[in-house]
Amino acid sequence: MTKLEKNDRLVRLSLLMIALSAISVLAIITVFIFEQGTPIMFRYGLKSFLLGQDWYPSEKSFGLLPMIVGSIMVTFGALIIGVPLGLASAIFLTEFSHRRLTRILKPIIELLAGIPSVVYGFIGLMFLVPFIRDKFGGPGLSVLAASVILGIMILPTIISIAIDSIRAVPDSYREGSIALGATRWQTVRMVILPAARSGIIAGIILGMGRAIGETMAVIMVAGNAADIPGSLLAPVRTLTSNIALEMAYASGEHREALFATGVILFVIIMILNTIANVTAARQRKK
């Protein structure tokens, strides 16, 4: 074995160890969460956790249904706002705007992803919440406020990945479509977007993951009422907010119930990601 082959083998082993260490950390975290959270779920019954509507830890009542519904509503509200805006922005920057404008705006959009979530929450608390309260009624701290803030927060992720996916489509696709008489918009709608679909869906999945896992901004604008929201203007508490608000002083079964909240959140994220990945795979086959 030559020296070059030895070095190549050493590099491969090093990269393998790094990859395994990252996977091991994730595995340890997963095992720890399930170890801490599942005993109380079996003790009180999985049904009482998933379908119970009362969250009173001092009275041994650990119903997570309001937080589950709240997390789903806020996440899908964010996707309804963020996906159309993000996809439209990506299409404009790649297909219709001047390249110089794209070179300026894309790094700025990517920098938005680095803004701390507490800044988004503060802006929402100072401007969005009073606006909703004055124009639509209610306390202002609501599902709508949380959805708008999260919809803005996921925009950089969706836009950046969608731009890269659209740019990855070969120019021959565009040229062939235009040569056949299609307009610019018809080319984008019928050729470019289907070709870039898998990358766009990946960006949406990442945006969805950030939305359902966001904590600080949601705490500041959602109202944090542990009740099933009756409308978009009602206060809501998400699973992540429930953990963040109470973990500092929780103990005993209360602490175990918060770990159980983390287990439920983990399972929900896995289900949503699986659905999104299966949908993307089916779209690629088509």
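Here, each number is a calculation from the coordinates, and none is a lab measurement. Keep in mind that this is a model prediction, so the values were computed, not measured.
Rg(Cα) of the chain divided by 2.2 N^0.38 Å?
Numbers: Rg = 22.8 Å, N = 286, 2.2 N^0.38 = 18.9 Å.
That works out to 1.21 for the chain.
Relative to the current alpha-carbon distance between TYR249 and TYR173, full extension at 0.36 nm per residue lengthens the span by 21.5 nm. For the stretch 34-48, 3J(HN,Hα) computed residue by residue from phi via the Karplus equation (6.51, -1.76, 1.60; θ = phi - 60°) reads 5, 5, 7, x, 6, x, 5, 5, 6, 5, 9, x, 4, 4, 5 Hz, glycine and proline entered as x.
Over the stretch 65-285, what relative contact order in percent results from Cα pairs under 8 Å that are six or more residues apart?
Details: 304 pairs, mean separation 67.7, N = 221.
Relative contact order, the stretch 65-285: 31 percent.
Comparing GLY252, GLY114, GLY124 in a Gaussian network model of the chain (Cα springs below 10 Å), the most mobile by mean-square fluctuation is GLY252. Rounded to the nearest 500, the helix-only mean residue ellipticity at 222 nm of the chain stands at -23500 deg cm²/dmol, with each DSSP H run of n ≥ 4 adding -39,500 (n - 2.57). Listed values for the stretch 76-90 are Karplus-derived 3J(HN,Hα) couplings in whole Hz (6.51 cos²θ - 1.76 cosθ + 1.60, θ = phi - 60°), namely 5, x, 5, 5, 4, 7, x, 5, x, 5, x, 5, 4, 5, 5, and x replaces Gly and Pro. Distances between placed amide hydrogens fall under 5 Å for SER61 paired with TYR56, all partners being 5 or more residues away or on another chain.
Proximity of backbone amide H atoms, modeled 1.01 Å from N, is registered between ASP227 and ARG237 at under 5 Å, excluding neighbours fewer than 5 places apart on the same chain.
Comparing PHE266, PHE136, PHE62 in a Gaussian network model of the chain where C-alpha atoms under 10 Å apart are linked, the largest mean-square fluctuation is found at PHE136. Across the stretch 177-194, computed HN-Hα scalar couplings (Karplus, 6.51 cos²θ - 1.76 cosθ + 1.60, θ = phi - 60°) run 5, 5, 5, 7, x, 6, 7, 4, 5, 4, 5, 5, 6, 9, 10, 5, 5, x Hz from first to last residue, x flagging Gly and Pro. Here's how it looks for GLU214: its modeled amide H is under 5 Å from none belonging to a residue 5 or more places away or on a different chain.
Comparing ILE18, ILE269, ILE109 in a Gaussian network model of the chain where C-alpha atoms under 10 Å apart are linked, the largest mean-square fluctuation is found at ILE18.
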